[in-house]
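*Asks:* Below is one structure. I have some questions about it.
The values are calculated or read from the model by the stated rules, or taken from the named source; none is laboratory data. Note that the structure is a prediction, hence the values are computed from the model and not measured. Quick reminder, even Gly has a Cβ in these numbers, built from the backbone with ideal geometry, and neighbours come from all protein chains shown.
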Amino acid sequence: MTGKPGAATGGLYLHILVLAIVIVCELIGIQRLSIGLGTVIFLPILYAFALGILLNPAIFKASAKFLSKDAVRLSGAMITVAIMPFIAKFGTTVGPQISKIIEAGPALVLQELGNLGTILVAFPVAVFLLKMGREAVGATYSIDREPNLALIADKYGLNSPEGAGAMGVYATGTLIGTFVFAIMPPLVHGLGIFDVRALAMSCGVGSGSMLAACTGGLVAVVPDQKDIILALAAASNILTYATGLYVGMFVALPLTEWLYNKARPSERKTA
Amino acid sequence: MANQTNTTANLADDLPLNAEDERKIDVVKHSGLLLIACAIGLIANWVGTGTSPLVALPGMLVLYVACIIGLGFARFVPFYLPSVAWVSLIAILITIPGVPGAAWVSEQVEHLNFLALATPALAYGGLALTASEFAIARRSGWKIVIVAICVMVGTYMGSVVVADLFLRLGQ
């Protein structure tokens, strides 16, 4: 479809619209709302995503006039392209802090296994509280970003209950993940229990937007620790890119399967 | 609305399951798109922080080159590592104290606010959502929303608890 006339102008409109959204959101800037527990932080990336959704052709019909299906597809390709300078900038924060990163090394590596906390929290809620079926396996074994979704697609197919669960969490995470990861870390910091370095290195969950939201929120409440927050978050995110798929494949998914079979022995699959 | 007749498999067609497709990316085409993204990033940085695009330009050029090299590595290195991982590794390498030019690179990228650089990606993200993705979210219902929040809280807090524990042990 790339040779279709008008595809280039559709792309042009897309980039201009994005530029307009970006300018508006940056003008609004970071906003803080103090509540009893701590501070709720609102970041420009949240407004940008919300405005993008509001102007999305699938939601706002008038947009469809100048944003074609091709432009929407291009927008999808642009996410991965546009996040790259951000990821690069993030990487440059690691080098100068490399000795502090190495100092925190064991914690940094082992917190990757902490991502299994999703099974600890979400699995019981899904299976015992909400009485979900095998959807729970796909939904709760990981944070269900792209590589995790690909693993489920590969193992069960997306047409399966497991696939539906994983896709549901994927789509919901895409819609509200940035919001959750902007709000949660400053509130957890407000509890005063955890080392800010621990809060920072947990931001790397394998999603660029969640990483941005999480570190953005933390830096807004602890600005004097900005350098170390960015460096630790960046380092943990790289570790997640490198290990996430394998932890999912060899630890998280088999563990979730095993738990499900224990929880619902009557449904045990013969396959 | 038309999507209601689609099967789940059809809905899945639009999902970004192309994690492995980076082996086939067109580095030349991507370098053009990346140029657009960097230009918008410079303006985001300008509006958000007041730093003139001219002042931030050298830093952005460094990031641009790091991204292109990362894309090239993801495309041509015989084992698979996502381009974002390559980009990160290159960016780390060129800022480690002692590496030639590291101090200059750190100084230049300091003019760029990390959060402003993420704003364009999120705007594209909002515009890129397809009717299928909205349909999946709607169809999955409130249970999935609760589970998704538990998944995010669990993933984050699991890491926080483990990290905090080992940071304390290391002291």
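*Asks:* In the stretch A:154-174, which residues are surrounded by fewer than 20 Cβ atoms within 10 Å (Cβ to Cβ) and either under 26 Å from A:ASN56 (Cα atoms) or more than 7 Å from every other protein chain (Cβ to nearest Cβ) (or both)? Steps first, please.
*Replies:* Looking only at the stretch A:154-174, we keep the residues that are surrounded by fewer than 20 Cβ atoms within 10 Å (Cβ to Cβ), and these are A:154-157, A:159-161.
The answer is A:ASP154, A:LYS155, A:TYR156, A:GLY157, A:SER160, A:PRO161.
*Asks:* Can you find, within the stretch A:226-246, the residue that is nearest to the other protein chains (Cβ to nearest Cβ) among those that are closer than 16 Å to B:LEU81 by Cβ and without any contact (Cβ under 8 Å) to a residue 12 or more places away in the chain?
*Replies:* Top of the filtered list is A:ALA242.
*Asks:* For the stretch A:75-107, what are the residues that are in contact (Cβ under 8 Å) with a residue 12 or more places away in the chain, in a helix (DSSP H, G or I) and either of a type in the set (D, E, K, R) or more than 7 Å from every other protein chain (Cβ to nearest Cβ) (or both)?
*Replies:* A:GLN97, A:LYS100, A:ILE101 - these are the residues of the stretch A:75-107 that are in contact (Cβ under 8 Å) with a residue 12 or more places away in the chain, in a helix (DSSP H, G or I) and either of a type in the set (D, E, K, R) or more than 7 Å from every other protein chain (Cβ to nearest Cβ) (or both).
*Asks:* Taking the stretch B:104-163 on its own, how many of its residues are more than 7 Å from chain A (Cβ to nearest Cβ) and not in a helix (DSSP H, G or I)? Talk me through it step by step, then tell me what you get.
*Replies:* If we filter the stretch B:104-163 for residues that are more than 7 Å from chain A (Cβ to nearest Cβ), which is where we start, we get B:104, B:107-108, B:110-111, B:113, B:132, B:135, B:138-139, B:141-142.
Those left that are additionally not in a helix (DSSP H, G or I): B:110-111, B:113.
Selection size over the stretch B:104-163: 3.
Residue-wise test of (1) modelled with pLDDT under 90; (2) crowded, with 23+ Cβ neighbours inside 10 Å; (3) among the charged types (D, E, K, R).
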| site | (1), (2), (3) |
| --- | --- |
| A:LEU149 | yes, yes, no |
| A:VAL180 | no, no, no |
| A:HIS189 | no, no, no |
| A:SER202 | no, yes, no |
| A:GLY216 | no, yes, no |
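*Asks:* Identify all residues within the stretch B:39-57 that are buried (at least 22 other Cβ atoms within 10 Å of the Cβ) and within 9 Å of another protein chain (Cβ to nearest Cβ); write none if there are none.
*Replies:* Listed by number, the residues that qualify are B:ILE40, B:GLY41, B:ALA44, B:ASN45, B:GLY48.
*Asks:* Which residue pairs have Cβ atoms closer than 8 Å, lie 6 or more positions apart in sequence or on different chains, and pair a first residue in the stretch B:106-122 that is closer than 20 Å to A:LEU218 by Cβ with a second residue that is charged (D, E, K, R)?
*Replies:* B:VAL109/A:LYS89; B:LEU112/A:LYS89; B:PHE114/A:LYS89; B:ALA116/A:GLU26; B:LEU117/A:LYS89; B:THR119/A:GLU26
*Asks:* Where the second residue is among the acidic types (Asp, Glu) and the first is surrounded by 13 or more Cβ atoms within 10 Å (Cβ to Cβ) and lies in the stretch A:28-56, which pairs have Cβ atoms under 6 Å and are six or more apart or on separate chains?
*Replies:* A:PRO44/A:GLU26
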